[in-house]
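Trainee: Sending over a structure as structure tokens; questions will come in a sec.
The values are calculated or read from the model by the stated rules, or taken from the named source; none is laboratory data. Remember, predicted model here, so these are calculated numbers, not experimental data. Ideal geometry is used to build each Cβ from the backbone, glycine not excepted, and the neighbour counts take in all protein chains shown.
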Amino acid sequence: MKYTVRAGVESYGHAIGILLVDCSTPFIPGDVGNASTYKYPVLYRTVPDVTLDRLINLGDESMVQNVIDTALELQRMGVRAITSDCGYMVRYQRQVAAALDTPVILSSLVQLPMIEKTLGDHQKIGIICANARRLTPELLDIAGLRDLSKVVIRGLEECPNFRGPILDETGSLDQEAVEAEVVSTALELVRSHPEVKVILLECSNLPPYAAAVQAATGRMVFDFTTLIDFYQQATRRPRFTGIY
């Protein structure tokens with residue numbers, strides 16, 4: 001096989017590019033922002049001026065060009081798919097996808113249409129998110145959800161061990177304490193809504209707790225890592241071997 005230099009490319013072999021929000025959060029193993037979460041190399045770029053406050057609380061549409069420009073940089077580096085480290089980045093999903101040639105999967109929420117189609121009429125999806133008040137019907141529509149009645153949402157904005165490091169950027173995270181809050185939220189969700197058969201974790205900081213949520217609830221659990229792994233696997237399919 002012959003290889004050719006790609007102009008302006010600093011490194012090779014990254015199938016997944018990840019846009020980072022400009023924040024100060026401990027990225028523990030399992031977090032989208034921790035490279036050891038993956039069994040393959042990923043490439044990170046921080047989007048200038050896209051802070052958690054402007055993204056989640058203000059829903060600032062003026063930053064979309066910053067997101068596009070940073071995504072284009074990842075595209076020039078040769079990645080095969082581009083994601084982010086915040087589910088609320090779905091706000092820019094349509095514009096960024098339209099501006100790029102590379103597939104764009106900015107939010108864990110883009111899995112909603114697929115999950116929705118797999119459920120029966122009386123079954124629902126439970127969404128655990130960073131801030132329930134900010135997860136608006138508009139954002140769910142952008143993600144592709146067809147029927148709002150199919151989701152039950154719970155936020156973690158009032159959980160102090162989660163809110164401190166993730167939303168208020170206090171700089172210190174107690175993994176066991178956050179896990180207890182996330183599991184408690186998940187248990188309340190399924191107890192009050194037993195029709196919830198699948199749980200989707202919106203926040204990119206929540207995959208470290210997916211196994212504990214599944215063990216406690218017995219539900220299938222989707223998050224950013226299930227989405228990213230799905231696209232990574234499609235970028236380089238192995239040949240099948242076996243007995244015929």
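Trainee: Got a sec? Which of Leu189, Leu145, Leu173, Leu140 is part of a loop (DSSP other than H, G, I, E, B), more than 20 Å from Leu20 (Cβ to Cβ) and aliphatic (A, V, I, L, M)? Spell out how you get there, then give the answer.
Mentor: Values: Leu189 fails: part of a loop (DSSP other than H, G, I, E, B); Leu173 fails: more than 20 Å from Leu20 (Cβ to Cβ); Leu140 fails: part of a loop (DSSP other than H, G, I, E, B).
When all the criteria are applied, what remains is Leu145.
Trainee: OK, next. Please go through the range 94-134 and pick out each residue that is closer than 21 Å to Gly17 by Cα, within 17 Å of the chain's Cα centre (by Cα) and assigned to a helix (DSSP H, G or I). Please lay out each step first, then the result.
Mentor: Looking only at the range 94-134, we keep the residues that are closer than 21 Å to Gly17 by Cα, and these are 94-111.
Within this subset, residues satisfying the condition of being within 17 Å of the chain's Cα centre (by Cα) are 94, 96-97, 103-111.
Arg94, Val96, Ala97, Ser108, Leu109, Val110, Gln111, listed by residue number.
Trainee: Related question: For the range 11-27: of the residues being farther than 23 Å from Asn161 by Cβ and of a type in the set (Gly, Ala, Ser), which is surrounded by the most Cβ atoms within 10 Å (Cβ to Cβ)?
Mentor: Per the stated criteria, the residue is Gly17.
Trainee: Tell me the residue from Ile228, Ile142 that is surrounded by 15 or more Cβ atoms within 10 Å (Cβ to Cβ) and either in contact (Cβ under 8 Å) with a residue 60 or more places away in the chain or not β-branched (Val, Ile, Thr) (or both), please. Outline the logic, then answer.
Mentor: Numbers: Ile142 fails: either in contact (Cβ under 8 Å) with a residue 60 or more places away in the chain or not β-branched (Val, Ile, Thr) (or both).
Selected residue: Ile228, the only one of Ile228, Ile142 that is surrounded by 15 or more Cβ atoms within 10 Å (Cβ to Cβ) and either in contact (Cβ under 8 Å) with a residue 60 or more places away in the chain or not β-branched (Val, Ile, Thr) (or both).
Trainee: Restricting attention to the range 185-195, report how many residues are among the β-branched types (Val, Ile, Thr) and within 20 Å of the chain's Cα centre (by Cα).
Mentor: We begin by selecting, within the range 185-195, every residue among the β-branched types (Val, Ile, Thr); these are 185, 190.
Right, trim to within 20 Å of the chain's Cα centre (by Cα) and you get 185.
Adding up the residues that qualify gives 1.
Quick grid of which residues meet (1) surrounded by fewer than 19 Cβ atoms within 10 Å (Cβ to Cβ); (2) modelled with pLDDT of 95 or more:
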{"position": "Tyr44", "(1), (2)": "yes, yes"}
{"position": "Val47", "(1), (2)": "no, yes"}
{"position": "Asn57", "(1), (2)": "yes, no"}
{"position": "Glu61", "(1), (2)": "yes, no"}
{"position": "Val67", "(1), (2)": "no, yes"}
{"position": "Thr70", "(1), (2)": "no, yes"}
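Trainee: A further question follows. Identify the residue in the range 215-242 that is outside any helix (DSSP H, G or I) and touching a strand residue (DSSP E or B) at 6+ places or on another chain (Cβ under 7 Å) and, among all such residues, is farthest from Lys124 (Cα to Cα). So that I can check it myself, show each step before the final result.
Mentor: So in the range 215-242, the residues outside any helix (DSSP H, G or I) come out as 218-223, 236-242.
Those left that are additionally touching a strand residue (DSSP E or B) at 6+ places or on another chain (Cβ under 7 Å): 219-223.
Numbers: Arg219: 11, Met220: 12, Val221: 13, Phe222: 14, Asp223: 16 Å.
Top of the filtered list is Asp223.
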